[in-house]
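Engineer: Can you read through this structure? Questions will come right after.
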Amino acid sequence: MTITLSHFSSAILFSIFASVVFGITQRNTPRDMVRYGLYCFAMFVGGVIVAGWVMWLIRR
Amino acid sequence: MPNPSPTKTKPPDLVDAAPVSTMSVVAPAVAWLIPGAGHLIQKRWGRGILLMVSIVAMFLLGLAMQGRVYKPNGGDILDILGFVGDIGAGGLYIVTRAMDWGHGAISHATADYGTKFLIVAGLLNFITVADAYHIAIGKKP
């Protein structure tokens, strides 16, 4: 089976899985785990979008 | 009160040392072999299942994207680092090598993403192993 994902969908999936692991392993209480997981996810996706715009500006 | 004799005092580096228990050895080993299982054997059901699903899904997606699995004798320093990442996935890596999967396909543009998924799945499992150990020694609830 071969899956072909776009760069963006790959980055979103990467962000989801990494955020789940970071949230669970880096905090002690369930509430903090959820909050930190969401924070990591936002940083991942935000970083992807910012990096995309930076590359767009460099290319111009 | 007089001070206790010097022979009964511990060196400073051993005062807070974690006690070695069976679980503190078994949990990291199981966690490495089966992602998330180190939490499951310590009855952290929710965390264990979430970690297992995340790491296994990431590894399988990497394989499905035609990612490359590194071998131990890569020779190149980057290949060795890739192997260190891949080996973190434990049983998943062993099964993949035994089945001779993960050759990578340079004809697919997404194969490189798959290679990174495989490496990061292993690295995330290293974090999971450390977390299972911290739970076993009581450092984390």
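Bear in mind these aren't lab numbers, they're just calculated from the coordinates by the rules spelled out. Since the structure is predicted, the reported quantities are computational estimates derived from the model, not experimental observations. Reconstructed Cβ throughout: ideal geometry from the backbone, glycine too, with neighbour counts over all protein chains shown.
Engineer: When you scan segment A:17-45, how many residues do you find that are surrounded by fewer than 16 Cβ atoms within 10 Å (Cβ to Cβ) and either more than 9 Å from chain B (Cβ to nearest Cβ) or assigned to a helix (DSSP H, G or I) (or both)?
Structural biologist: Taking segment A:17-45 and keeping what is surrounded by fewer than 16 Cβ atoms within 10 Å (Cβ to Cβ), we get A:26, A:28-32, A:34-35, A:38-39, A:42-43.
Subsequent filtering for residues that are either more than 9 Å from chain B (Cβ to nearest Cβ) or assigned to a helix (DSSP H, G or I) (or both) retains A:26, A:30-32, A:34-35, A:38-39, A:42-43.
Summing the residues that are surrounded by fewer than 16 Cβ atoms within 10 Å (Cβ to Cβ) and either more than 9 Å from chain B (Cβ to nearest Cβ) or assigned to a helix (DSSP H, G or I) (or both) in segment A:17-45 gives 10.
Engineer: Could you grab me the full set of residues in segment B:93-130 that are hydroxyl-bearing (Ser, Thr, Tyr) and exposed (fewer than 15 other Cβ atoms within 10 Å of the Cβ)?
Structural biologist: B:Ser107
Engineer: Applying the selection to segment B:109-124, what residues are within 25 Å of B:Gly48 (Cα to Cα) and more than 9 Å from chain A (Cβ to nearest Cβ)? Let's see the steps before the verdict.
Structural biologist: Residues of segment B:109-124 within 25 Å of B:Gly48 (Cα to Cα): B:114-124.
Correct list: B:Thr115, B:Leu118, B:Ile119, B:Gly122, B:Leu123.
Engineer: Now a separate question. Report, by residue number, each residue of segment B:69-88 that is within 14 Å of chain A (Cβ to nearest Cβ) and either over 20 Å from B:Pro35 (Cα atoms) or not in a helix (DSSP H, G or I) (or both).
Structural biologist: Quick first cut of segment B:69-88, residues within 14 Å of chain A (Cβ to nearest Cβ) only: B:85, B:88.
Within segment B:69-88, just B:Gly88 meets the criteria.
Engineer: Only one of these is β-branched (Val, Ile, Thr), within 12 Å of another protein chain (Cβ to nearest Cβ), part of a helix (DSSP H, G or I) and crowded, with 23+ Cβ neighbours inside 10 Å: B:Ile55, B:Ile49. Name it. Write out each step before concluding.
Structural biologist: On the way: B:Ile49 fails: crowded, with 23+ Cβ neighbours inside 10 Å.
Of the residues listed, the single one that is β-branched (Val, Ile, Thr), within 12 Å of another protein chain (Cβ to nearest Cβ), part of a helix (DSSP H, G or I) and crowded, with 23+ Cβ neighbours inside 10 Å is B:Ile55.
Engineer: State all residues of segment B:89-103 that are part of a loop (DSSP other than H, G, I, E, B) and away from every other protein chain (no Cβ under 12 Å); if no residue qualifies, say none.
Structural biologist: Step one: filter segment B:89-103 for residues part of a loop (DSSP other than H, G, I, E, B), giving B:89-90, B:99-102.
If the condition is that a residue be part of a loop (DSSP other than H, G, I, E, B) and away from every other protein chain (no Cβ under 12 Å), then B:Ala89, B:Gly90, B:Met99, B:Asp100, B:Gly102 are the ones that fit.
Engineer: Here's something else I'd like to know. Working only within segment B:79-118, note down all residues that are within 12 Å of the chain's Cα centre (by Cα) and within 13 Å of B:Phe59 (Cα to Cα).
Structural biologist: Residues of segment B:79-118 that are within 12 Å of the chain's Cα centre (by Cα), as a first pass: B:84-93.
Hits for segment B:79-118 are B:Gly85, B:Asp86, B:Ile87, B:Gly88, B:Ala89, B:Gly90, B:Gly91, B:Leu92, B:Tyr93.
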